[in-house]
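Working notes for the structure below.
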Amino acid sequence: MDNVVWKIKTFDEITTQELYSVIKARVNVFVVEQNCPYPDLDDYDQKAVHLWAENEGEILAYCRIFDKGIKYKETSIGRVITTEKGRGKGLGRQLIKYALEVIENRLHQTEVRISAQDYLLRFYSDFGFVDTGKKYLEDNLPHTEMFRK
């Protein structure tokens, strides 16, 4: 799997096939693997910048990025996944690195707020995210709000 292609698109730029692949990957990770039925189609995809890695059309890693004032007062990153085929290759780290570059270079922002699943707190702290102390269940999974200046 040497042929990893990274893509970044707004909702209007994304093709029907790409959107299908993105939704399929999100459902496979969040709904099927994590056994968590939740409404993935939340009317925010239209406002997001979508960033993903793929190999021959199959999603390996994905997230969506929001400008400030959409999900939070600050910019944010959400729906972060690495699919089964994409795991163990460092793609999750590359994804967050690229997402932060998009926020700085395209949105001209540095402050980012996220809702992180608790088992990923150390992962996000490696990128400068700090636990805000706000903890809650989101779709029955423990989450913590994190912030990066």
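The values are calculated or read from the model by the stated rules, or taken from the named source; none is laboratory data. The model shown is predicted, which means the values in this text are computed figures rather than measured ones. Cβ sites come from the backbone with ideal geometry, for glycine too, and all protein chains shown count toward neighbours. Note: accessible area is taken over every heavy atom of the protein model, side chains too, but ligands, DNA and RNA are not part of it. Shrake-Rupley method; radii C 1.70, N 1.55, O 1.52, S 1.80 Å.
Brief remarks on what is shown
- Residue match in the stretch 18-32 (condition: surrounded by 14 or more Cβ atoms within 10 Å (Cβ to Cβ), touching a Leu at 6+ places or on another chain (Cβ under 7 Å), at pLDDT 95 or above and not aromatic (F, W, Y)): no
- The strands (runs of 3 or more DSSP E) falling completely within the stretch 1-90 that include 2 or more residues that are aliphatic (A, V, I, L, M) and closer than 19 Å to F123 by Cβ map to 49-55, 58-66, 75-82.
- Any hit, the stretch 132-148, residues being in contact with a Gly (Cβ under 6 Å, 6 or more places away or on another chain), touching a residue at least 24 places away in the same chain (Cβ under 8 Å), open to solvent by 40 Å² or more (accessible area, probe 1.4 Å) and within 21 Å of K68 (Cβ to Cβ): yes
- Here F127 fulfils each of the conditions (1) over 25 Å from D43 (Cα atoms); (2) assigned to a strand (DSSP E or B) apart from (2).
- Subset of the stretch 113-131 [touching a strand residue (DSSP E or B) at 6+ places or on another chain (Cβ under 7 Å) and either of a type in the set (S, T, Y) or open to solvent by 70 Å² or more (accessible area, probe 1.4 Å) (or both)]: S115, Y124, V130
- Among the residues of the stretch 107-124, just one is within 18 Å of F66 (Cα to Cα) and either in contact (Cβ under 8 Å) with a residue 60 or more places away in the chain or assigned to a helix (DSSP H, G or I) (or both), namely Y124.
To keep it simple, each residue is scored yes or no on (1) over 12 Å from the mean Cα position of the chain (by Cα); (2) open to solvent by 70 Å² or more (accessible area, probe 1.4 Å); (3) over 23 Å from T144 (Cα atoms).
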{"residue": "L41", "(1), (2), (3)": "yes, yes, no"}
{"residue": "Q46", "(1), (2), (3)": "yes, yes, yes"}
{"residue": "A61", "(1), (2), (3)": "no, no, no"}
{"residue": "I70", "(1), (2), (3)": "yes, no, no"}
{"residue": "R93", "(1), (2), (3)": "no, yes, no"}
{"residue": "R106", "(1), (2), (3)": "yes, yes, yes"}
